[in-house]
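Student: One structure, pasted below without further comment.
The values are calculated or read from the model by the stated rules, or taken from the named source; none is laboratory data. Quantities reported herein were computed from a predicted structural model and do not represent experimental measurements. Neighbour counts run over all protein chains shown; Cβ positions are idealised from the backbone, glycine included.
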Amino acid sequence: MPNSVVVGAQWGDEGKAKVIDYLTDKSDVIIRYQGGANAGHTVIADGRKFVFHLVPSGIIFPGKICVIGNGVVLDPEEFLKELDELNGKGIDHTGRLFISDTAHLVLPLHRLLDAAQESSAKSGGKIGTTGRGIGPAYSDKINRCGLRVGDLRNWDYFASRVTEAFAAKKRMVEEICGCSFDLTLDDLLKRMKIARDRLLPIIADTNDLVHSELAKGSNLLFEGAQGTFLDVDHGTYPFVTSSSTIAGGACTGSGVGPSAIDHVIGIVKVYTTRVGNGPFPTELNDATGERLRSVGGEFGATTGRPRRCGWFDGVLLKKAVRLNGFTRLALTKLDVFSGFEEIKVCTSYEIDGKLVDVMPSYTTDIEKAKPVYETLKGWTEDITACRRFEDLPANAIAFVKRVQQLCCDVPILIVSVGPDRVQTMEVTPL
Ligand code: GDP
Ligand code: IMO
Ligand code: MG
């Protein structure tokens, strides 16, 4: 098994965790490299459902090493809650789960600021964040005033830095955003002390760990969070998250060079969804959009918000192939289209009277895009029990092939026809 990065090709929730789960068996180390508890990654295996926010989804496989890399922002309380839930389901992480000492911390202060910034933003300026403190934590990191996981090792130092941060964030929430700040320094320090005692044994120099594993010939699997168009540089800014969600983020977020990566697997939902605000050219605000939402179960795994739904967008995907250098595609949710008489795919945008077939980089241009569609024939058969690509209905095969063409003919690793681990068909193995 080569070293592979799994990346969401759209705006998140493409089914990344299902594909990670599919690949974990043949991997040795699974590494989350960016984002934080804004992620919601669902795995359904052996009749059990797991939703991961910070812990790499590979943890459900006994013996696999799981790493939370330096590029992640870690909310200690969310993380421990997740570990407790996993323990409750019989998943033991002892000795095989590690957090990078250089990952930044998300404190309750960051969550309060995230909520205050959203509530005080003017109506067109609200991002629609998950409220998990992601933007404020990454801002502190870039502004060189963040607190890192390794800072927990020295409690006195940590406590003095938290005390400074408390005063600064309180001022921002109250005086700049005009919101209430329901937290005391005492309470914050008490909560962090409890978390610290549990975290200390699993804090590590994960860069050293990852390189030792590479030297041994272990197979690495990088678990991306969010999706390509939520990338802080290449996404629909400012309606993005605050990290590098594209494949390159796997290098900076774990400390390996690009030459260590053999495969980049783009997870592509066969329609499009987005949670939160921002442009979405193929969005359907009609009964078809509603049908995709209800049949596809399109409700956020982290916040429960209904996801905005629309047709597959080939213009978006062509850009995603460029940004990530996909070597394989994993197509998910094909089953959702069973019973659709017709299925549309967007092949170009009309912007200011001109046709474009690659998504432009500037958000105001994307806002003006009018999608141009091609219509394909649907199929009536339930395909959720199908396990071989060639057994799919002819119209489903034709649809998949057209989607692949619109994705620059990148080979397809798998096609997914249901949420369960077994509802997967392999097409072109790694
Ligand atoms: P992630 O954030 O990319 O890991 O994706 P989420 O877990 O947020 O959302 C994907 C949802 O679709 C989850 O509820 C999965 O169980 C489900 N899912 C994944 N693949 C398929 C599929 O092929 N068909 C159907 N019907 N559901 C799927
Ligand atoms: P997974 O890993 C879908 C979206 C939010 C909002 C924007 C910024 O499950 O695919 P943030 O809280 O990050 O500052 O919010 O990004 N967002 C996601 N949308 N899936 C996710 O993660 C997301 N994580 C953040 O809805 O629009
Ligand atoms: Mg998700």
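Student: Do you know which residues across the stretch 226-282 are within 15 Å of ligand 1 (Cβ to nearest atom), among the hydroxyl-bearing types (Ser, Thr, Tyr) and more than 28 Å from His211 (Cα to Cα)?
Tutor: Within the stretch 226-282, Thr241, Tyr271, Thr272, Thr273 qualify.
Student: Which condition number does Ile31 fail, the rest of (1) in contact with a helix residue (DSSP H, G or I) (Cβ under 7 Å, 6 or more places away or on another chain); (2) without any contact (Cβ under 8 Å) to a residue 40 or more places away in the chain; (3) among the aliphatic types (A, V, I, L, M); (4) over 21 Å from Gly131 (Cβ atoms) being met?
Tutor: (2)
Student: Pick from Val417, Val410: which is buried (at least 16 other Cβ atoms within 10 Å of the Cβ) and either outside the structural domain of Gly339 (by TED's automatic domain parsing) or touching a strand residue (DSSP E or B) at 6+ places or on another chain (Cβ under 6 Å) (or both)?
Tutor: Val410
Student: State all residues of the stretch 26-36 that are at pLDDT 95 or above and away from ligand 2 (no atom under 11 Å from the Cβ); if no residue qualifies, say none. So that I can check it myself, show each step before the final result.
Tutor: The initial filter retains those residues of the stretch 26-36 that are at pLDDT 95 or above, namely 27-36.
Hits for the stretch 26-36 are Ser27, Asp28, Val29, Ile30, Ile31, Tyr33.
Student: With the structure loaded, tell me whether Lys18 is outside any loop (DSSP other than H, G, I, E, B) and either within 16 Å of ligand 2 (Cβ to nearest atom) or of a type in the set (Lys, Arg) (or both) or whether it fails that test. I'd like the intermediate steps shown before the answer.
Tutor: Details: outside any loop (DSSP other than H, G, I, E, B): yes; either within 16 Å of ligand 2 (Cβ to nearest atom) or of a type in the set (Lys, Arg) (or both): yes.
The answer is yes for Lys18.
Student: If we keep just the residues of the stretch 1-42 that are within 16 Å of ligand 3 (Cβ to nearest atom) and among the acidic types (Asp, Glu), which is farthest from Arg308 (Cα to Cα)?
Tutor: Ranking the candidates gives Asp21 first.
Student: Please work out if Val7 is under 15 Å from Phe222 (Cβ atoms), away from ligand 1 (no atom under 16 Å from the Cβ) and part of a strand (DSSP E or B). Write out each step before concluding.
Tutor: Working: under 15 Å from Phe222 (Cβ atoms): yes; away from ligand 1 (no atom under 16 Å from the Cβ): no; part of a strand (DSSP E or B): yes.
For Val7, the condition - under 15 Å from Phe222 (Cβ atoms), away from ligand 1 (no atom under 16 Å from the Cβ) and part of a strand (DSSP E or B) - is not met.
Student: Another question, then. Counting only residues that are of a type in the set (D, E, K, R) and outside any loop (DSSP other than H, G, I, E, B), which one in the stretch 396-430 is nearest to Val43 (Cα to Cα)? Explain how you work it out, then say what you get.
Tutor: If we filter the stretch 396-430 for residues that are of a type in the set (D, E, K, R), which is where we start, we get 401-402, 409, 420-421, 426.
Those still in the list that are outside any loop (DSSP other than H, G, I, E, B) too: 401-402, 420, 426.
Values: Lys401: 26, Arg402: 28, Asp420: 7, Glu426: 18 Å.
Here the residue is Asp420.
Student: Now for a different question. Report those helices (runs of 4 or more DSSP H) wholly inside the stretch 101-219 carrying at least 2 residues which are among the acidic types (Asp, Glu) and touching a Ser or Thr at 6+ places or on another chain (Cβ under 8 Å). Let's see the steps before the verdict.
Tutor: Details: elements: 108-120, 134-142, 155-171, 185-199, 206-216.
Passing ranges, in order: 108-120.
Student: Examine the stretch 43-53 for a residue that is in a strand (DSSP E or B), away from ligand 3 (no atom under 16 Å from the Cβ), surrounded by fewer than 24 Cβ atoms within 10 Å (Cβ to Cβ) and basic (Lys, Arg), and state whether such a residue exists.
Tutor: Checking the stretch 43-53: at least one residue is in a strand (DSSP E or B), away from ligand 3 (no atom under 16 Å from the Cβ), surrounded by fewer than 24 Cβ atoms within 10 Å (Cβ to Cβ) and basic (Lys, Arg).
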